[in-house]
Each structure stands twice: as structure tokens, then as C-alpha cells.
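Structure, as C-alpha cells:
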Amino acid sequence: MSLSLRSLAAALLLTPALAGAQTWANWTQATQGFGGSMSGTIGSTTINFAGNFNGYQLANGTSFGLSENGLGNNYWTPASQPTRALPYQNAGVSAPDRLGFIQFGNATFPYGGTITFGQAVVNPLIAFISAGQPGLAVTYDFFGASYTVLSDNTLNQAYWGTGTNNVGVGNTSSSPLVAREFSGTIRLNGTFESIQFSTTNEYWHGITVGASSFAQVPEPASIALLLSGVAGFAIVARRRRA
């Protein structure tokens with residue numbers, strides 16, 4: 001089989017699932033600290049985070065290190081202030097429907113780490129709670145991965161009010177995201193088995209992860225059928241060249 005046909009087969013073997021409503025990370029376990037971890041599920045697969053962070057809130061409301069004493073607090077869609085969910089609602093994306101998030105704050109060691117999925121995610125989402133302050137920017141570096149800002153709190157107040165970021169809604173960049181009281185959602189563009197990132201320090205802020213679709217590997221019978229079809233195409237191509 002020629003190189004081009006092999007590439008075609010490889011591309012076809014990994015196909016995205018149909019897009020649907022977002023499913024947000026259901027964080028169920030955490031071990032906080034330098035080299036800590038969090039884990040849970042996202043849709044029908046697993047999600048894990050390993051890295052440096054200083055607190056968390058799980059889906060059941062259990063929390064550690066939250067400066068605002070927010071045990072079980074819903075920062076995404078507060079019941080008493082439903083309009084505070086608007087910064088997460090744009091471009092077909094809904095606000096996170098789980099309480100859980102990873103918390104970063106003031107510390108002497110660098111923050112960040114790697115989020116790993118049990119199944120590759122197509123265009124994963126990251127939602128932010130109050131990243132940065134008006135006079136203290138927080139940066140998020142995704143190590144060259146392209147992202148698009150889907151929604152933010154420039155016009156609509158989030159839990160901690162309005163804010164800005166260095167890339168406007170709808171714009172795409174691969175530069176580090178610079179956030180100043182940023183609450184909103186970004187989309188990483190591409191298919192990811194893992195997300196590597198680093199962030200700078202401030203008082204505290206949080207993130208969680210969502211997905212609209214997953215990359216699916218076809219069943220063995222489908223793979224066999226696909227390969228037989230590609231092989232037939234190769235035979236026809238060779239005959240034409242002859």
C-alpha cells in the first residue's frame with residue numbers, strides 16, 4: 001500500500017463521535033498538593049489531572065483549600081443569581097453543570113500539569129472561575145495548542161463580576177491566555193488525549209473541563225471492511241498506472 005493510502009486509512013480509522021450537548025467533568029477524588037492528582041469521569045470515559053494545585057472542589061461539594069469557604073458552592077450557575085451563568089453560555093456552549101473544579105492560588109511553586117482522558121476528546125472545553133484580577137493578570141500557557149475564546153464576562157457578570165482577557169470572544173490564538181478577572185469558556189482546537197498547561201499565581205481561581213464529542217475507534221468488523229476497501233482502491237490504482 002502506498003504512503004498516501006496508508007495515511008488515508010489511518011485518518012479514517014479515528015472518527016469523531018457525533019457532537020451533542022456538553023458533558024462536564026465529574027470530579028470525584030483528589031489528593032491535593034505538589035504533585036497531587038484529581039480524577040473522575042467525563043461522559044462515559046475517565047479524566048485525570050496530575051500536577052501542582054492548592055485546592056479543589058468535588059462534584060459532591062467536598063472541598064479543600066477554598067479561600068471563600070465555598071463548601072458545595074456553585075460558582076458556575078448560582079441558584080440565587082442565575083444570570084451569573086451567562087458568561088459561560090455562548091456559541092452553543094452551556095455552563096458547567098457540576099460543582100467540581102481544580103483550584104489554583106498563591107504559592108511558591110509553579111502551577112499546572114496534565115489532564116488526561118481515557119478516550120480522545122475532540123475540541124475540549126475549559127471553563128474558568130475568576131482567573132486573575134483587574135490589576136494582576138494570570139497567564140495560561142497551553143504549549144502551542146490553539147484555543148478559541150467562546151464566552152466571557154466582559155458584558156455579563158459572573159460570580160465575581162466582570163473582567164477581561166487578552167483575546168476577545170470568537171478570536172483564536174496559540175499564545176498564552178492572559179486573564180484579568182476572567183470567567184468564561186475556551187475551546188482547544190483539535191483532538192486531545194491529554195492537555196498540558198501551566199499557569200501563574202494569584203489569590204485563587206478555578207477551572208474545569210468539558211467535552212462535546214469524542215474520537216471513536218471503529219469496531220473490528222468496520223476496520224476490516226475499511227481496510228479491504230482501501231486495498232481494493234490500491235489495486236485499481238495500480239492497474240490504472242499499468
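The values are calculated or read from the model by the stated rules, or taken from the named source; none is laboratory data. Worth saying up front: this structure is predicted, and the values here are computed from it rather than measured. With ideal geometry, Cβ positions are generated from the backbone for all residues, glycine too; neighbour counts draw on all protein chains shown. We work out accessible area using only protein heavy atoms, side chains counted, and drop any ligands, DNA or RNA first. Shrake-Rupley method; radii C 1.70, N 1.55, O 1.52, S 1.80 Å.
Within segment 103-212, what whole-number % of the accessible surface is contributed by carbon and sulfur, with the 1.4 Å probe and all protein chains included in the calculation?
Numbers: 1920 of 3990 Å².
It is 48 percent, rounded to a whole number.
Please find the FRET efficiency linking Q29 to Q89, where r is the Cβ-Cβ separation and R0 is fixed at 22 Å, and quote it to the nearest 0.05.
On the way: r = 29 Å, r/R0 = 1.31.
Efficiency computed from Cβ-Cβ geometry: 0.15.
What whole-number distance in Å separates the alpha-carbon centres of segment 37-110 and segment 114-147?
13
Treat each spin label as a single point 7 Å out from the Cα along the C-beta direction, and report the S194 to D141 distance in nm.
Each label point is offset 7 Å from its Cα along the Cβ direction, giving 1.8 nm.
Based on the mean of other beta carbon atoms within 10 Å per residue, what is the order of 56-63, 207-214, 77-84, most packed first?
Values: 56-63: 19.1, 207-214: 23.1, 77-84: 12.8.
Ranking, from highest mean packing down: 207-214, 56-63, 77-84.
If a/c stays under 1.5 just call it rounded; otherwise compare a/b with b/c (prolate if a/b is bigger, oblate if not). Do that for segment 102-195, with a ≥ b ≥ c from the square roots of the Cα gyration tensor eigenvalues.
On the way: a/c = 1.81, a/b = 1.29, b/c = 1.40.
The shape class here is oblate.
Accessible area per residue for segment 74-202 in Å², computed with a 1.4 Å probe and the full protein assembly in place, what is it?
Accessible area per residue: 40 Å².
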